[in-house]
1. Counting pairs of alpha carbon atoms under 8 Å apart in space and at least six apart in sequence, what relative contact order in percent does the chain give?
2. Specify whether the C-alpha gyration tensor of the chain places it in the rounded, prolate or oblate class, a ≥ b ≥ c being the square roots of the eigenvalues: rounded for a/c under 1.5, otherwise prolate if a/b is larger than b/c and oblate if not.
3. Working from Cα positions, state the angle (0 to 90°, nearest 10) between the long axis of helix 73-95 and the longest principal axis of the chain.
4. Tilt of helix 12-30 relative to the longest C-alpha principal axis of the chain, in degrees (0 to 90, nearest 10)?
5. Based on the mean of other Cβ atoms within 10 Å per residue, sort peptides 13-23, 57-67 so the most packed one is first.
6. Can you list the residues, at least 5 places off or on another chain, whose amide H is less than 5 Å from the amide H of VAL72, using H built in the peptide plane?
7. When a footprinting reagent is the concern and you count Cβ atoms within 10 Å, what order do SER26, SER54 take, fewest first?
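Rule-based calculations on the coordinates, nothing more; no lab input. Treat the numbers as computed from the prediction; the structure is a model and nothing was measured. Glycine gets a Cβ as well: all are built from the backbone with ideal geometry, and neighbour counts include every protein chain shown.
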Amino acid sequence: MIKKIFENIDKTKFNIVFTLIVMIISLIIGQLPKLPDSIGFGGFIPIIMPPIYSLITILFYFILKIFFKKGVWIVTLIGALYNLYEAFDWYFYYKNYK
């Protein structure tokens, strides 16, 4: 099982699908808290930012893939972790907002 993951980790399709799955999870997490009425257009932030972070991650992935053949999956991992960090930050901030 682990050997199969490490065989696929440098494949482009695996990295793009992983980034898109994390983007969907981040969108779901960002929509969970009940937002106050005074937030205005700021309520669009959890809808707009995960796709932007995912596109930036995929763009960096393809740029670095030109120069390096192995180890570019680290960019995907960093982008996914940042995407999840932002989603949970949004969730916990507005979950406790009064």
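1. 42 percent
2. prolate
3. 10 degrees
4. Orientation of helix 12-30: about 10 degrees from the principal axis.
5. Highest mean packing first, the order is 13-23, 57-67.
6. Amide H neighbours of VAL72: none.
7. SER54, SER26
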